[in-house]
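Engineer: Before I ask anything, let me first share the structure, which is written out below as structure tokens.
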Amino acid sequence: MQHAQDRFQWDDLRYVLAVARARSVSGAAQQLRVDHTTVSRRVSRLEQLLNTALFNRTRSGYSTTAAGARVVELAQQMESALIRCEGEITNRNDELRGTVRVAAPDGFGSIFLAPRLAQLCTDHPELRVQLYPSQTRYSLADREVDIVIGLQKPATGRLTARKLTEYRIRLYASRSYCDLHELPRSFEALQAAPIIGYVENLGTEPPVDFLPLLPGKVRARFASSNLLAQINAVLAGQGIGFLPDFVVDGRPEFVPVPVEFQIDRELWLMIHEDNRNLARVQAVAEFIQSEVRKSRSTFFAD
């Protein structure tokens, strides 16, 4: 008689898929919220049952063998089927429940989305939203997040994409800065001013280092990869920064710099096609779109 532990179990594929995505046992364990020994044991067990190695184990991480790649492909198909099944069977009129993970650029996520999504969770106590505001890229295909807010429309992938809005970036200083310094009124004068910007070569697309777009040679006196750090430096009167209009809207402590310079960007909301019928994901996506629509004027300050 064959015991359960000697039979192939569909649940084993979750562990293989997580290791393939994280390229490590520890990363998979963190993703699955189990200890790393559990992940190692389940992967080794499946390899023994299939009588083949699924991963090449090297110092640089785990990579799939030919057999492992095929198992991962089948596991992804099963994962997609399970997600679609949940979306099609679940009653969309039920109370929203479960977790939705949202990745967004740090300024838009921390300043615009955070208070609004927190209120949405208050209105729906069974709903949990996890917000990842940063420049880090999160993968929808690898199920790292459920919704991605990006700066451009994706060119490939099984994704549905909606344009949320355009927004404008301009040069701003603080009133405390204006109390001590005259605002530059030309690009020549701007070259002598203390500029606050992004760290060069962040590798983001489109790029967020705006200094090369200015005529002449302008260098940042203070730079950060985080927009909130730049905002606080500007507020402290330490210099002139490139800030989105939605950051300064309704805040008189920010003063526009009288130099004709602006950058127009876009925000896109993306969901994996498998998630399009999940009530909780669609509800959060529609909520974000509605909030942006209601606040459209804040993205282009007067």
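Every residue, every condition in (1) loosely packed, with under 13 Cβ neighbours inside 10 Å; (2) of a type outside the set (V, I, T); (3) in contact with a Phe, Trp or Tyr (Cβ under 6 Å, 6 or more places away or on another chain), yes or no:
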{"position": "L190", "(1), (2), (3)": "no, yes, no"}
{"position": "I196", "(1), (2), (3)": "no, no, yes"}
{"position": "T204", "(1), (2), (3)": "no, no, no"}
{"position": "A233", "(1), (2), (3)": "no, yes, yes"}
{"position": "P244", "(1), (2), (3)": "no, yes, yes"}
{"position": "G250", "(1), (2), (3)": "yes, yes, no"}
{"position": "V255", "(1), (2), (3)": "no, no, no"}
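Engineer: Condition (residue is in contact (Cβ under 8 Å) with a residue 60 or more places away in the chain, of a type in the set (A, V, I, L, M, F, W, C), touching a helix residue (DSSP H, G or I) at 6+ places or on another chain (Cβ under 7 Å) and in a strand (DSSP E or B)) applied to the stretch 248-257: is it met by at least one residue?
Structural biologist: yes
Engineer: Contact list please: Cβ distance under 7 Å, first residue in the stretch 218-246 and under 16 Å from S134 (Cβ atoms) and touching a residue at least 60 places away in the same chain (Cβ under 8 Å), second residue among the hydrophobic types (A, V, I, L, M, F, W, C) and open to solvent by 30 Å² or more (accessible area, probe 1.4 Å), pairs at least six apart or on different chains.
Structural biologist: Listed by first residue and then by second, the contacts come to S225/V199; S225/L202.
Engineer: Consider P206 carefully, then state whether it is within 26 Å of the chain's Cα centre (by Cα), outside any strand (DSSP E or B) and not polar (S, T, N, Q).
Structural biologist: yes
Engineer: From the list A155, A141, exactly one residue is aliphatic (A, V, I, L, M), open to solvent by 70 Å² or more (accessible area, probe 1.4 Å) and part of a loop (DSSP other than H, G, I, E, B). Which is it?
Structural biologist: From the options A155, A141, the qualifying one is A155.
Engineer: Please specify each residue of the stretch 169-185 satisfying the condition of being under 16 Å from L211 (Cα atoms) and open to solvent by 40 Å² or more (accessible area, probe 1.4 Å).
Structural biologist: Hit for the stretch 169-185 is R170, nothing else.
Engineer: Would a scan of the stretch 29-52 turn up a residue that is under 20 Å from D142 (Cβ atoms), modelled with pLDDT of 85 or more, more than 24 Å from the chain's Cα centre (by Cα) and exposed (fewer than 14 other Cβ atoms within 10 Å of the Cβ)?
Structural biologist: no
The values are calculated or read from the model by the stated rules, or taken from the named source; none is laboratory data. Quick caveat: nothing in here was measured; it's all calculated off a predicted structure. Note that we place each Cβ from the backbone using ideal geometry, even for glycine, and neighbour counts take in every protein chain shown. For the accessible areas, the whole protein counts, side chains as well, though only heavy atoms, and no ligand, DNA or RNA atoms are used. Shrake-Rupley method; radii C 1.70, N 1.55, O 1.52, S 1.80 Å.
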